[in-house]
Every structure is written in structure tokens, then in C-alpha cells.
Amino acid sequence: MSDPVSALNGAAYDGVVRVEELGLRGMITLRGDHASVAVKNAATGVAGVDFPDALACDTVGERGLAWMSPDELLVLVPYAEADRAVAAMQAELAGTHSLVVNVSDARAMFRISGPAAREVLAKLCPVDLSPGAFGPGDFRRTRAAQVPVAFWMQADDAFALICFRSVAGYVFDLLKTAARPGGEIGYFPAGA
């Protein structure tokens, strides 16, 4: 058996922001009724964070829960724990209409950090990223150029972004291009 590797082996770029592929991350799709106590308990039990509101993400370190749709969550755990987390959730949800799938090896995760992080993403994604509309913990599924992505704001100057592993190189190149020095637009004032 070969050792798992991330999509871009930790590639990074420093421009007006730092863009870095975050390596192997545990990611689990959980489909089910968000109003179900069993679904909430299964998700929060393995993630160790509060159940998110719509369009939100709650993370602590490598653990978290992201609202993907009215019946879908992304459960984040350390990569080495993903299979055990899937088994635990499946056991807890036995008899409950649900689906739990380890999608860790089908996804890539990036971090975009620095004072211009909001501007770099705004160049690529049709999302209102103004400080009054998008803040820490906010989450969106959208497109970056022509590919589906999801991202959330981790802090005032940092975002996490996930995409399909098959387009990780393309997304990294998009982010690098948007982060080139000299390409600042200045739409969002620094520190806003």
C-alpha cells in the first residue's frame, strides 16, 4: 500500500497574500435532516464543535463543521481519524435516514492569508466579501473562475478554501495569479 499524499504536496506562494495547500485533511460528507437530534449528535460528537447555522462554519484546529446545504454538512477531522469518525457516525446513525462518506482523498484544502485575502478571493468568486457582509465563521459554496469551491473566513485576514482534488492545481494557479504583487485593486481598505 502506498502512503497517501496531498494534491499539491504542500505547495505555497507568497504574493500580496500567502496561498498554501494545507496537506492531508479529514473531510466527511454527512447528509441528513439538520433538525434530527441524531444527526446533530453524530456530527458534533466527532467534530467537537457546535452545530453550524446556515451559511456558517465552526472550526477549532483541524476539527469543524461546515453547512453545505439544508441537508448536508462537511465534517472536518484530522486525516488519520477520518475512517474512525465515519464508522462512529454510521453506528450512531443506524436506522436514521442519512449518508456518511469519507471524501478526504477527493478534496484539497488551501489557506489564503494576509491583509489582502478578502480582495484576492473577491477577484475570483461571485460573493459579497465586504466586511459588513462576510466575517469570521461565514461560509459559502460558489465558484472560483469556472470550478466549484467552498470557503470560510477563519479570521479577519485568513480564509480556508476547499475544492475537488482533480482541480487543485488549477485553483492554486488561480489563487497565485490573483495574489501577484501589483494586482491590488484596493477595493477593501486594509484592516477593514
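Only residues that are free of Cβ contacts under 8 Å to residues at least 40 places away in the same chain and assigned to a loop (DSSP other than H, G, I, E, B): list them for segment 42-60, please. Lay out the reasoning, then the answer.
Keep residues of segment 42-60 that are free of Cβ contacts under 8 Å to residues at least 40 places away in the same chain, which gives 44, 47-51, 53-54, 60.
Of everything in segment 42-60, those that are free of Cβ contacts under 8 Å to residues at least 40 places away in the same chain and assigned to a loop (DSSP other than H, G, I, E, B) turn out to be G48, V49, D50, F51, D53, A54.
In segment 158-192, how many residues are in a loop (DSSP other than H, G, I, E, B), of a type outside the set (V, I, T) and out of contact with any strand residue (DSSP E or B) (no Cβ under 6 Å at 6 or more places or on another chain)? It would help to see each step written out before you state the result.
Residues of segment 158-192 in a loop (DSSP other than H, G, I, E, B): 179-192.
In the following step, the residues that additionally are of a type outside the set (V, I, T) were identified as 179-184, 186-192.
Still in the running and out of contact with any strand residue (DSSP E or B) (no Cβ under 6 Å at 6 or more places or on another chain): 180-184, 186-192.
Of the residues in segment 158-192, 12 are in a loop (DSSP other than H, G, I, E, B), of a type outside the set (V, I, T) and out of contact with any strand residue (DSSP E or B) (no Cβ under 6 Å at 6 or more places or on another chain).
Figure legend. Inter-residue proximity from segment 91-117: first residues under 16 Å from V39 (Cα atoms), second residues assigned to a strand (DSSP E or B) and among the basic types (K, R), beta-carbon distance below 6 Å, spacing 6+ or different chains. Indicated pairs: L99/R31.
Go over the candidates D83, D53, D105 one by one and state the one that is at pLDDT 95 or above and closer than 25 Å to D138 by Cβ. After applying the criteria, what remains is D53. Please give the number of the condition G64 fails out of (1) assigned to a strand (DSSP E or B); (2) of a type in the set (G, A, S); (3) farther than 23 Å from L8 by Cβ. The failed condition is (3). Residues that are aliphatic (A, V, I, L, M) and surrounded by fewer than 23 Cβ atoms within 10 Å (Cβ to Cβ) within segment 63-83 comprise M68, A80, A82, listed in sequence order.
Within segment 133-165, restricting attention to residues that are without any contact (Cβ under 8 Å) to a residue 40 or more places away in the chain and polar (S, T, N, Q), the residue that is surrounded by the most Cβ atoms within 10 Å (Cβ to Cβ) is T142. Scanning segment 40-62 for residues that are under 19 Å from R111 (Cβ atoms) and surrounded by fewer than 24 Cβ atoms within 10 Å (Cβ to Cβ) yields V49, A56, D58, T59, V60, G61, E62. No other residue among V120, V86, V149, V127 is more than 24 Å from D53 (Cβ to Cβ) and either small (G, A, S) or not assigned by TED's automatic domain parsing to the domain that holds L65 (or both) apart from V120.
The values are calculated or read from the model by the stated rules, or taken from the named source; none is laboratory data. Worth saying up front: this structure is predicted, and the values here are computed from it rather than measured. Every residue, glycine as well, gets a Cβ built from its backbone with ideal geometry; the counts of neighbours run over all protein chains shown.
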